[in-house]
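To keep things clear, I will list the structure first and then write my remarks on it.
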């Protein structure tokens, strides 16, 4: 893996992820429509990535209140995770796949020599659900597998954190690389890359025709 030394959330970080297959976007690429056909969600993401590559500007910068809350609570949650697990955690800006330059991720932290941690700070009802069902591992499965694929790490702990649950602030589920899922992920990224390049080529052709 190749590490880009930028602070997450900054303009430099946004520029580095422009037009890239990031972990937060890959769920859209993997979304299927009826009859296992490509979904509208996937088509919209393809268009967005093509747009970003053409303009050099990141388009999906909106942050909901819940997302902002998660960003603000992340350091506290990471400290709680490190204390609970007795692991050494390290901040990282962005990671680029060793062979696929358009495939990146921004893990919340690297853990030791082999792991990652992905922090979620949900509202109380969802934290309770994650505590009792452990469903956050499946809910974020493509994001987690994407991170493991990009980094080559051996595992990722997906963590739900809420400070109001005394003694149960953390719900931790460890996820390992799934070869079948990662093969599917790679295949869909290849298809998406072809679609993106086709859109860009068609627009470049249109531009030449108008200039003629």
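Observations on the structure shown:
- Of all beta bridges that DSSP places with both ends in the chain, some 70 percent have antiparallel geometry.
- Theoretical FRET efficiency, 1/(1+(r/R0)^6), r = Cβ-Cβ of residue 166 and residue 201, R0 45 Å, to 0.05: 0.20
- Applying 1/(1 + (r/R0)^6) with R0 = 35 Å to the Cβ-Cβ distance of residue 193 and residue 113 gives a FRET efficiency near 0.65.
- Each of 78, 105 was scored by other Cβ atoms within 10 Å of its Cβ. Arranged with the fewest first, they read 78, 105.
- For Rg and Dmax of the Cα atoms in Å, the value calculated from this model appears in (1) 16.7, 55; (2) 18.4, 70; (3) 16.9, 60 under label (2).
- Value of D in µm² per second that Stokes-Einstein yields for region 133-201, Kirkwood Rh from Cα pairs, at 20 °C (1.002 mPa s): 153
- Added length on full extension, which subtracts the Cα-Cα distance from 0.36 nm per residue, residue 208 to residue 47: 55.9 nm
- Most fluctuating residue given options 160, 24, 138, as computed from a GNM of the chain linking Cα atoms under 10 Å: 138
- Residue of 19, 56, 35 that the Gaussian network model of the chain assigns the largest fluctuation, springs spanning Cα pairs under 10 Å: 35
- Rough spin-label spacing in nm, given labels placed 7 Å along Cα→Cβ, for residue 64 and residue 135: 1.5
- Amide N proximity, region 107-149 versus residue 184 label position 7 Å along Cα-to-Cβ, cut-off under 15 Å: 138-146
- Debye log10 I(q)/I(0) at q = 0.22 Å⁻¹ for region 41-163, Cα point scatterers: -1.42
- Just checking the listed ones, 28, 66, 77: in the Gaussian network model of the chain with Cα springs under 10 Å, the one fluctuating most is 66.
- The chain: angle of helix 40-55 to the longest principal axis, Cα-based, in degrees nearest 10: 70
- Between region 132-149 and region 1-19, the Cα center-to-center distance that results, in Å: 22
The numbers here are math on the coordinates, done by the rules we state, and not lab data. In this text the structure is predicted, and so the values were computed from the model without any measurement. Cβ atoms come from the backbone with ideal geometry, glycine included; neighbour counts cover every protein chain shown.
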